[in-house]
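*Asks:* For reference, the structure I am asking about is given below.
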Amino acid sequence: MPGWAGRGGRQRRAFGVGGALLGIAVVMLLGAWRSSGFLSDLLLNLGASVVLAAISYVIFDPLFEEARRARVQEHLSFDQQAFVTRLHRSGRRVRILDTWTILLEQRHREETLAGIRAALANGAQVQLLLLDPDCTAAQQRSEELERQRVDVPRQIRTNLRHLAAFTDALDGRLRRRLQVRLYDASPSIQLYQWDGRALISFFPIGKLSFNVPQLEVDMDSPWGGFVHARFEELWEHEQATLNLERYWSVTLTLRHDDSDVVEVRVPYVTVDGQHFVDCRGFRVTGPLTVRAVLPPRAPGAAPAVFALAEPTDGDQTPAEVVKRHFDQKYGHDDGARAAYRLVPPPGVSRTPEPRSATAGDNHGR
């Protein structure tokens, strides 16, 4: 665990300082041996005092450090401005685990993105882990927040749209240090980490997580170890996480007469278990079919073959609903969007199944 490295560094520091003090004491004692009279007595007493100080430092500094790490500070709510200020000073690691983050809403967005850019420029690795807006848990959380009229999937999609634009604007050096992933699981804890400190909270029923008490902890403490393990569990789970690139677009292999023609990346949305793609980048003609992995989750999954169907008034999902989902995910278009539904090719019976969250009660944001 990363905490071990931190403890080792502090122990090395304690021994280093103790060794330096002992070195000073040795010089003083040698000076006392070579001198005489008052100067000899003075150096002898000072040398002995420094020896005691060095021993005391080596023994007690780790104890004081452990006590400091175990201390937990409680804040009445999440202070967005304070966290953004900490972003600017971060130089090792920034982590955010949430359903969606209020930091990317309009009032704080520019400051937050400037803080993330500063942290990246300082050499920090920045990792954001947000709830998948198409999973069951996101809809369940909307139902929990019904009284506050919060559309959780829409909030997440808006966050991701701004993050995608921000990522595209970064140069390659900084972009490599920024990672955004989505998790398909029941949210259980909120984490906002800057270097070795973090704010954590649990998700209340019927309330926004930013309006409840936050615990500020040291990441080397037991509390920090607990939330670190939860973050790693979600981050590394290939079947339950999706990176921003695969969320943002899907690769279609265009096929004509059962032969692969070309690969293209296109925008897509999932609505009511059905998948829709924006085909404005190519012409849909004749017996055209496509191969794709949808939903594009685990790398290496086997692709399926689909035909492209134009939306009609009799569809299970009205065209207006599909357009609204595209607008939420990618922003309002200029009227050039060409949405097609992926359907089984003629002669193949296939009923798409909607994605579901990992089993367990949802306690999301």
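The values are calculated or read from the model by the stated rules, or taken from the named source; none is laboratory data. Keep in mind that what you see is a predicted model, and the values were worked out from it rather than measured. Cβ placement follows ideal geometry from the backbone for every residue including glycine, while neighbour counts extend to all protein chains displayed. The area values use the complete protein model at the heavy-atom level, side chains included, leaving out ligands, DNA and RNA. Shrake-Rupley method; radii C 1.70, N 1.55, O 1.52, S 1.80 Å.
*Asks:* Beta carbons within 10 angstrom, averaged per residue: use that to sort the peptides 170-178, 261-269, highest first.
*Replies:* 261-269, 170-178
*Asks:* Right, next: Probe of 1.4 angstrom, ligands and nucleic acids ignored: what's the accessible area per residue over the range 143-263, in square angstrom?
*Replies:* Accessible surface, normalised per residue, equals 46 Å².
*Asks:* May I pose another question? Can you bin the range 206-297 into rounded, prolate or oblate? Criterion: square roots of the alpha carbon gyration tensor eigenvalues sorted a ≥ b ≥ c, rounded for a/c under 1.5, prolate for a/b above b/c, oblate for the rest.
*Replies:* Prolate shape, in that a/c is at least 1.5 and a/b is the bigger ratio.
*Asks:* Here is a further query. At a 1.4 Å probe radius, carbon and sulfur cover how many percent of the accessible area of the range 156-286?
*Replies:* 50
*Asks:* Another one. Express in nm, to one decimal, how much length is gained between Arg197 and Arg265 on full extension, taking 0.36 nm for each residue of separation and deducting their alpha carbon distance.
*Replies:* Taking 0.36 nm per residue and subtracting the Cα distance, the gain is 20.5 nm.
*Asks:* How much accessible area does Val305 have with a 1.4 Å probe, in Å² rounded to the nearest 10?
*Replies:* Here the residue's solvent-accessible area equals roughly 50 Å².
*Asks:* Give me the net charge for the shell around Leu76: Cβ to Cβ below 15 angstrom, other residues only, Lys and Arg +1, Asp and Glu -1.
*Replies:* Spelling it out: positives minus negatives among the neighbours equals -2.
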